[in-house]
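Scroll down for the structure; my scribbles are underneath it.
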Amino acid sequence: MKRKADGQYAPKPEHKFSFGLWTVGNRGRDPFGDFVRPPLKPAEIVAMLSEVGAWGVNLHDNDLVPIDATPAERDRLVREFAASCKKNGIVVPMATVSLFFDPVFRDGAFTANDPEVRAYALQKTMHAMDIGAELGAKIFVLWGGREGVETDACRRADVAIKRLRDAVNYLCEYNLDRRYGFKLALEAKPNEPRADIYMATTGHYLGFIATLDHPEMVGVNPEVAHEHMAGLNFMHGVAQAWEAGKLFHIDLNDQMPGRYDQDLRFGSANLKSAFWLVKFLEDVGYDGPRHFDAHAYRTEDYEGVKDFATGCMRTYLILKEKAQRWNEDAEIQSILEAVSTDPDQDGEIGRFSKKNSASLLSRTFDREQIAQKRLPYERLDQLTIDILTGVK
Ligand code: GCO
Ligand code: MN
Ligand code: MN
């Protein structure tokens, strides 16, 4: 059944919606049950993405090239994949590396205790960067899913951080040496598959990046579910990354706080958080890919996977339209004006100087009067709910 494009919520290339091969290709295996969907070839996934109106496809090295492929097989697979992307009008904005699936990474990759494992992880990542570059990707994601512990008895945590730094520095030099022009995007997660992962939040990575040899080359890839698993406000982390010039990529999905890693369809669990996120990305003019790192319910078949992918993009576009409505709403705007959210007014005190600090120290504040000022955030939030529920 061919889907009709649905007017204003139809995805277009300018929206930069992308999916990983592993997302729509997810076969529904979980720790308690086996595959429920037959495998899809990379070329079939690309055709499906084109059919649902996506713009890009992302991949791990081993989503396309088996870990033990010969160089000739690797070349053929990459060539054929590039051809099917071209044929379907799909771009490859991001590539990444699997440093978590193979048993060799059971103690981590860049942070593992065995130097052989650390060396192999670097080699594997360089090969994955080669694949990404060949496919035209400009963003390279590093997700250290196994860079963590079940017991802290196994190594000192600061040693792990130093190893991770050495690895990222090495890869930045490789990027320069090969003139790939990648921006590296580091993806945090608090746990799963390890009991604890060292780089638990986007904020941890923002601190780490400043300690690298090439901080300008490295940013973050925040993921909704990963921050929600930790009970955090995702949009706040995204905003900090954006403000630091570090929002290189984003993984959109959804997640109920306090549960196992759910990878739900974007906007399906916390609609209001998803709204603030979309509004933030659109308000600031984030120009990167909107990547959906999620998968269909295990109950779905092939058609259901298309429903899932279509739903991710549709919800994003609905929320984008709601954000515009919010920005144009006269009552909302008048409340915002009254509570002085105008960023220009924040600069009133200005930077420290001897003179202005003397005047600030001698200023008298009428605390009672200041505390009288109305802050009608209840009304503001209800107007938001009215817009989100479609009654306004
Ligand atoms: C997860 C992660 C992964 C990464 C992917 C890209 O929870 O499993 O989100 O899907 O994003 O491996 O590096
Ligand atoms: Mn995830
Ligand atoms: Mn992810």
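The values are calculated or read from the model by the stated rules, or taken from the named source; none is laboratory data. As the structure is a computational prediction, the values presented were derived from the model and not from experiment. Please note: Cβ atoms are built from the backbone with ideal geometry, for glycine as well, and neighbour counts cover all protein chains shown. Accessible surface is based on the protein model in full, side chains and every heavy atom, while ligands, DNA and RNA are left aside. Shrake-Rupley method; radii C 1.70, N 1.55, O 1.52, S 1.80 Å.
Would you say Arg351 is open to solvent by 40 Å² or more (accessible area, probe 1.4 Å), basic (Lys, Arg) and touching a helix residue (DSSP H, G or I) at 6+ places or on another chain (Cβ under 6 Å)?
On the way: open to solvent by 40 Å² or more (accessible area, probe 1.4 Å): yes; basic (Lys, Arg): yes; touching a helix residue (DSSP H, G or I) at 6+ places or on another chain (Cβ under 6 Å): no.
Spelling it out, it is not the case that Arg351 is open to solvent by 40 Å² or more (accessible area, probe 1.4 Å), basic (Lys, Arg) and touching a helix residue (DSSP H, G or I) at 6+ places or on another chain (Cβ under 6 Å).
Name the residues in region 161-200 that are among the polar types (S, T, N, Q) and either open to solvent by 50 Å² or more (accessible area, probe 1.4 Å) or within 16 Å of ligand 2 (Cβ to nearest atom) (or both), would you? Before you say what the answer is, go through the steps one by one.
Pass one, region 161-200, residues among the polar types (S, T, N, Q): 169, 175, 191.
Within region 161-200, just Asn191 meets the criteria.
Looking at region 41-89, which of its residues are among the basic types (Lys, Arg) and within 22 Å of the chain's Cα centre (by Cα)? Lay out the reasoning, then the answer.
Kept after step one, since they are among the basic types (Lys, Arg), are these residues of region 41-89: 41, 74, 76, 79, 86-87.
Correct list: empty.
As an exercise: evaluate Met256 against (1) touching a Leu at 6+ places or on another chain (Cβ under 9 Å); (2) in a loop (DSSP other than H, G, I, E, B); (3) more than 16 Å from ligand 2 (Cβ to nearest atom) and give the number of the one condition it does not meet.
It fails just one condition, (3).
Each row is one residue, and each column tells you yes or no for (1) in a loop (DSSP other than H, G, I, E, B); (2) away from ligand 1 (no atom under 16 Å from the Cβ); (3) surrounded by 14 or more Cβ atoms within 10 Å (Cβ to Cβ); (4) assigned by TED's automatic domain parsing to the domain that holds Leu212.
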| residue | (1), (2), (3), (4) |
| --- | --- |
| Val238 | no, no, yes, yes |
| Ala241 | no, no, yes, yes |
| Tyr260 | yes, no, no, yes |
| Ser268 | yes, yes, yes, yes |
| Leu281 | no, yes, yes, yes |
| Asp287 | yes, yes, no, yes |
| His295 | yes, no, yes, yes |
| Thr299 | yes, yes, no, yes |
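What is the residue count in region 332-348 for residues that are at pLDDT 90 or above and either open to solvent by 70 Å² or more (accessible area, probe 1.4 Å) or of a type in the set (A, V, I, L, M, F, W, C) (or both)? Give the derivation first.
Taking region 332-348 as the starting set, the residues that turn out to be at pLDDT 90 or above are 332-339.
Next, from what is left, pick out any that are either open to solvent by 70 Å² or more (accessible area, probe 1.4 Å) or of a type in the set (A, V, I, L, M, F, W, C) (or both): 332, 335-339.
Residues flagged as at pLDDT 90 or above and either open to solvent by 70 Å² or more (accessible area, probe 1.4 Å) or of a type in the set (A, V, I, L, M, F, W, C) (or both) within region 332-348 amount to 6.
Does any residue of region 341-360 turn out to be closer than 16 Å to Val224 by Cα and out of contact with any Lys or Arg (no Cβ under 8 Å at 6 or more places or on another chain)? Give the derivation first.
Within region 341-360, the subset closer than 16 Å to Val224 by Cα is none.
No, because not a single residue in region 341-360 is closer than 16 Å to Val224 by Cα and out of contact with any Lys or Arg (no Cβ under 8 Å at 6 or more places or on another chain).
Could you check, for region 112-134, whether at least one of its residues is under 21 Å from the mean Cα position of the chain (by Cα) and surrounded by fewer than 20 Cβ atoms within 10 Å (Cβ to Cβ)?
yes
Can you name the number of the only condition in (1) touching a helix residue (DSSP H, G or I) at 6+ places or on another chain (Cβ under 7 Å); (2) in a helix (DSSP H, G or I) that Met199 fails?
Checking Met199 against (1) touching a helix residue (DSSP H, G or I) at 6+ places or on another chain (Cβ under 7 Å); (2) in a helix (DSSP H, G or I), the one that fails is (2).
Return the residues of region 201-250 that are of a type in the set (Val, Ile, Thr) and within 16 Å of ligand 2 (Cβ to nearest atom); say none if nothing qualifies.
Taking region 201-250 and keeping what is of a type in the set (Val, Ile, Thr), we get 201-202, 209, 211, 218, 220, 224, 238, 250.
Hits for region 201-250 are Thr201, Thr202, Val220, Val224, Val238, Ile250.
Here are the criteria: (1) more than 16 Å from ligand 2 (Cβ to nearest atom); (2) surrounded by fewer than 22 Cβ atoms within 10 Å (Cβ to Cβ). Tell me which single one Phe100 does not satisfy.
Of the numbered conditions (1) more than 16 Å from ligand 2 (Cβ to nearest atom); (2) surrounded by fewer than 22 Cβ atoms within 10 Å (Cβ to Cβ), the odd one out for Phe100 is (1).
Has region 311-322 got any residue that is buried (at least 16 other Cβ atoms within 10 Å of the Cβ), over 30 Å from Thr96 (Cα atoms) and either assigned by TED's automatic domain parsing to the domain that holds Asn26 or within 18 Å of the chain's Cα centre (by Cα) (or both)? Steps first, please.
Looking only at region 311-322, we keep the residues that are buried (at least 16 other Cβ atoms within 10 Å of the Cβ), and these are 311-320, 322.
Going one step further and asking which of them are over 30 Å from Thr96 (Cα atoms), we end up with 322.
Applying the additional criterion that residues be either assigned by TED's automatic domain parsing to the domain that holds Asn26 or within 18 Å of the chain's Cα centre (by Cα) (or both) yields 322.
Yes: region 311-322 contains one or more residues that are buried (at least 16 other Cβ atoms within 10 Å of the Cβ), over 30 Å from Thr96 (Cα atoms) and either assigned by TED's automatic domain parsing to the domain that holds Asn26 or within 18 Å of the chain's Cα centre (by Cα) (or both).
Might you check whether a residue that is in a loop (DSSP other than H, G, I, E, B), in the same structural domain as Gly136 (by TED's automatic domain parsing), without any contact (Cβ under 8 Å) to a residue 40 or more places away in the chain and away from ligand 1 (no atom under 13 Å from the Cβ) occurs anywhere in region 207-220?
Of region 207-220, the ones in a loop (DSSP other than H, G, I, E, B) are 210-214.
Still in the running and in the same structural domain as Gly136 (by TED's automatic domain parsing): 210-214.
Keeping just the survivors that are without any contact (Cβ under 8 Å) to a residue 40 or more places away in the chain gives 210.
From what's left, away from ligand 1 (no atom under 13 Å from the Cβ): 210.
Checking region 207-220: at least one residue is in a loop (DSSP other than H, G, I, E, B), in the same structural domain as Gly136 (by TED's automatic domain parsing), without any contact (Cβ under 8 Å) to a residue 40 or more places away in the chain and away from ligand 1 (no atom under 13 Å from the Cβ).
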